[in-house]
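Below is one structure; the comments refer to it alone.
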Amino acid sequence: MDLFLFGTLLHLPLLEVVSGDADVRDKVRFAVRKGFRVSRVSGQVFPMMHEDADAVAEGIIVEGLSDDAVARLDYYEKAFGYDRVGFVVLDAHEQPRHVTCYVGEQGRWTPAEPWDREGWIAALGEVTTMTAREAMALYGEVPAPVMGGRYPQMMARAASRQRAAREAAGRGMGRADVQLIEARKAYSGFFTVEELDVAFRRFDGTMSDPVNRVVFVGVDCSIVLPYDPVRDRVMVVEQFRPGAYLRGDPNPWTVEPIAGRIDPGEGPEEAARREASEEAGVDLRDLHCVSAAYPSPGTTTEHFFVYVGLCDLPDGSAGAGGLPSEAEDIRSHVMDWAEFDAGLNAGRFNLLPLLVAGHWLARNRDRLRAPTA
């Protein structure tokens with residue numbers, strides 16, 4: 001039976017990756033389902049199809065897919081709670097066609113405004129296709145629900161790669177001076193660890209012998225130190241960190257700036273504002289970029305966008321925060337500048353992004369406190 005698609009899989013590069021069919025573009029035909037509308041799911045970026053007597057849901061019929069291609073599509077869609085159901089659509093000649101279609105559980109979602117397919121493709125089509133390559137590598141290895149649970153982190157990794165690819169190249173040697181011999185996933189879960197065999201151009205112009213390297217594949221993060229220039233105080237947060245625990249630190253609760261991953265379709269400044277609200281209930285005004293840099297590029301892909309964010313920190317601003325859905329248990333502290341500065345100079349803080357933001361603030365504090373005309 002033919003397959004009717006109405007959502008993100010209308011983006012043909014994504015359909016090609018998920019189906020594994022290099023010729024799938026030649027197998028699609030326009031079709032509609034009358035009496036139904038395609039709308040964005042409330043609170044999400046993907047669409048749903050729902051009844052609307054005055055509407056027409058546009059989509060495509062995909063003909064002649066192999067059993068393996070259908071199985072791959074089933075795997076991808078089941079990861080997000082979709083199953084195939086059968087109904088009738090009209091093809092381009094308004095002839096009825098019996099099809100199956102991926103539809104979510106009835107009553108699970110609420111429709112919002114009509115879905116903007118072209119807007120979604122422009123904003124998220126490329127990064128979703130990149131994510132699908134990693135997701136479909138798990139086909140046949142892990143169950144679909146497990147893949148679905150990992151998907152948001154996979155998408156954040158893809159967005160990080162996309163963001164890096166768009167950065168302007170610097171002087172000197174570049175990616176063309178690296179020969180990738182083989183890449184292997186040493187571990188794949190919420191995070192991934194990749195093992196690489198590479199050769200790279202040496203400074204004398206020759207290529208190195210093959211070397212083996214292991215890299216933790218993280219995501220781009222926004223980090224912000226809230227600062228109240230009127231009251232002259234900063235906010236920091238404290239939470240349990242398993243890295244400090246595994247190192248053997250007797251106090252694995254670290255004092256930090258506010259931080260979090262940059263979600264797909266989100267810019268670093270947007271992420272900084274969102275995280276400040278989620279973790280500490282703080283509304284930021286001006287954001288001042290301190291740096292955009294790697295913390296340790298020899299071992300991790302993580303990239304940090306560090307900011308100082310101006311805000312109001314009245315008495316009573318500190319408290320508990322974080323998202324329970326992400327098992328976050330975060331306590332915030334408001335510190336007068338004199339106390340925070342003394343801690344900087346005494347080496348009381350042990351997190352590098354906090355030191356970077358704090359010392360930048362020390363150099364620029366007078367300017368930030370100066371009254372504006």
Quiz item: How many residues does the stretch 1-26 contain that are under 16 Å from residue 98 (Cα atoms) and within 32 Å of the chain's Cα centre (by Cα)?
Solution: 4
Quiz item: Of everything in the stretch 1-19 that's of a type in the set (A, V, I, L, M) and under 19 Å from residue 71 (Cβ atoms), which residue is most open to solvent (accessible area, probe 1.4 Å)?
Solution: 1
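Table: residues versus (1) open to solvent by less than 60 Å² (accessible area, probe 1.4 Å); (2) in a loop (DSSP other than H, G, I, E, B).
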| site | (1), (2) |
| --- | --- |
| 283 | no, yes |
| 290 | yes, no |
| 328 | yes, yes |
| 332 | yes, no |
| 335 | yes, no |
Quiz item: Has the stretch 138-157 got any residue that is within 24 Å of residue 11 (Cα to Cα), touching a Ser or Thr at 6+ places or on another chain (Cβ under 6 Å) and modelled with pLDDT of 90 or more?
Solution: yes
Self-check item: Subset tally (residues that are hydrophobic (A, V, I, L, M, F, W, C), without any contact (Cβ under 8 Å) to a residue 60 or more places away in the chain and closer than 22 Å to residue 56 by Cα) for the stretch 1-37
Solution: 4
Quiz item: Just a yes or no: is a residue in the stretch 356-371 assigned to a helix (DSSP H, G or I), modelled with pLDDT of 95 or more, within 17 Å of residue 222 (Cα to Cα) and open to solvent by 20 Å² or more (accessible area, probe 1.4 Å)?
Solution: yes
Exercise. Give the residue, chosen from 58, 94, 77, 51, that is surrounded by fewer than 17 Cβ atoms within 10 Å (Cβ to Cβ), under 13 Å from residue 7 (Cβ atoms) and acidic (Asp, Glu).
Key: 58
Exercise. Kindly indicate whether any position in the stretch 337-352 is among the small types (Gly, Ala, Ser), in contact (Cβ under 8 Å) with a residue 40 or more places away in the chain and open to solvent by less than 50 Å² (accessible area, probe 1.4 Å).
Key: no
Exercise. Run residue 48 past the list (1) over 26 Å from residue 147 (Cα atoms); (2) assigned to a strand (DSSP E or B) and report the number of the one that doesn't hold.
Key: (1)
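The values are calculated or read from the model by the stated rules, or taken from the named source; none is laboratory data. What you see is a predicted model, and the numbers here were worked out from it, not measured in a lab. With ideal geometry, Cβ positions are generated from the backbone for all residues, glycine too; neighbour counts draw on all protein chains shown. Side chains included, ligands, DNA and RNA excluded: accessible areas come from the protein's heavy atoms. Shrake-Rupley method; radii C 1.70, N 1.55, O 1.52, S 1.80 Å.
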